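Below: one structure, written as structure tokens.
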Amino acid sequence: MLLVNKDMVVSVHYELQVDKDGQLVTADKSNADQPLVYLHGAGMLLPDFENNLLGKTVGDTVSFKVSAENGYGVRNEQDIVRVGIENFKDKEGNIDTTMVRVGNILPMMDDQGHQFQGIVCDVTDEAVIMDFNHPMAGKELNFTVTVADVRAATAEELAHGHVHGPGGHHH
């Protein structure tokens, strides 16, 4: 019986719940026929997520909480930014109002070419107010995880730092 440990390929089914107005609601969950597959210890998942699965085996289910600080961080008001409306206009000076509207997540790029996403909070004649905090920032994460499979990683997977094949990366 293989245990979840460093350098093992682990397949899990999970449900993530977060507080919304005093109630836990499902924010994300794995597809029943498509588990999350990852290389344990490669740093692809939150450290607290991996630590809570350490030593578990196929069929084990564990429920645990990850604090905002150890999850996606606390909300930072400095990450709510006014972006000049001219940045959203096309060559004719028009704005795509189906894209640039409150609640939408827009891909953005800074002046050094780094890509990131922001949520549109408000649109005025002069600016678009964008929130660049992670959508899960400031939230305690409540996970329920069931281990579906554990296997040793191949030498190639270890060298590349990720899983290959079904549920993993294809070169």
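What is the extension gain from L45 to K29, computed as 0.36 nm multiplied by their sequence separation minus the C-alpha to C-alpha distance, in nm to one decimal?
4.3 nm
Can you tally the net charge around H40? Count Lys and Arg as +1, Asp and Glu as -1, for every other residue whose Cβ sits under 13 Å from the Cβ of H40.
-1
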How far is it, in nm, from the label point at M109 to the one at E15 when both lie 7 Å from their Cα along the line to the Cβ?
4.1
State to the nearest 20 debye the size of the charge dipole of region 1-47 about its Cα centre, where the only charges are +1 on K and R beta carbons and -1 on D and E beta carbons.
140
Any lysines whose Cα falls less than 24 Å from that of K56, other than same-chain ones fewer than 8 residues away, would be K6, K29, K65
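Provide the gained length on full extension for the span R82 to L158, in nm with one decimal, where the gain is 0.36 nm per separating residue minus the Cα-Cα distance.
Full extension from R82 to L158 adds 23.1 nm.
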Sorting K89, K56 on the 10 Å Cβ count, fewest up front, what's the list?
K89, K56
State, as an integer percentage, the relative contact order of the chain based on alpha-carbon contacts under 8 Å between residues 6 or more apart.
34
In debye, nearest 20, what is the charge dipole magnitude of region 58-171 about its Cα centre with +1 on Lys and Arg Cβ and -1 on Asp and Glu Cβ, if you could check?
340
Order 7-18, 149-160 from most to least packed using the mean count of other Cβ atoms within 10 Å.
7-18, 149-160
Counting other Cβ atoms within 10 Å, which GluC sites (Glu not before Pro) in region 38-124 have at most 12 and lie in a DSSP loop?
E69, E92
So how compact is the chain: Cα radius of gyration and Dmax in angstrom?
19.9, 64
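Taking the Cβ-Cβ separation of L54 and N94 as r and a Förster radius of 45 Å, what is the calculated FRET efficiency to the nearest 0.05?
According to the calculation, E is roughly 0.25.
Laboratory data are not the source of any read-out in this text; all were calculated from the coordinates shown. Bear in mind the structure is a predicted one, so any value in this text is a computation, not a measurement. Heads up, the Cβs are rebuilt from the backbone with ideal geometry, glycines too, and the neighbour counts pull from every protein chain shown.
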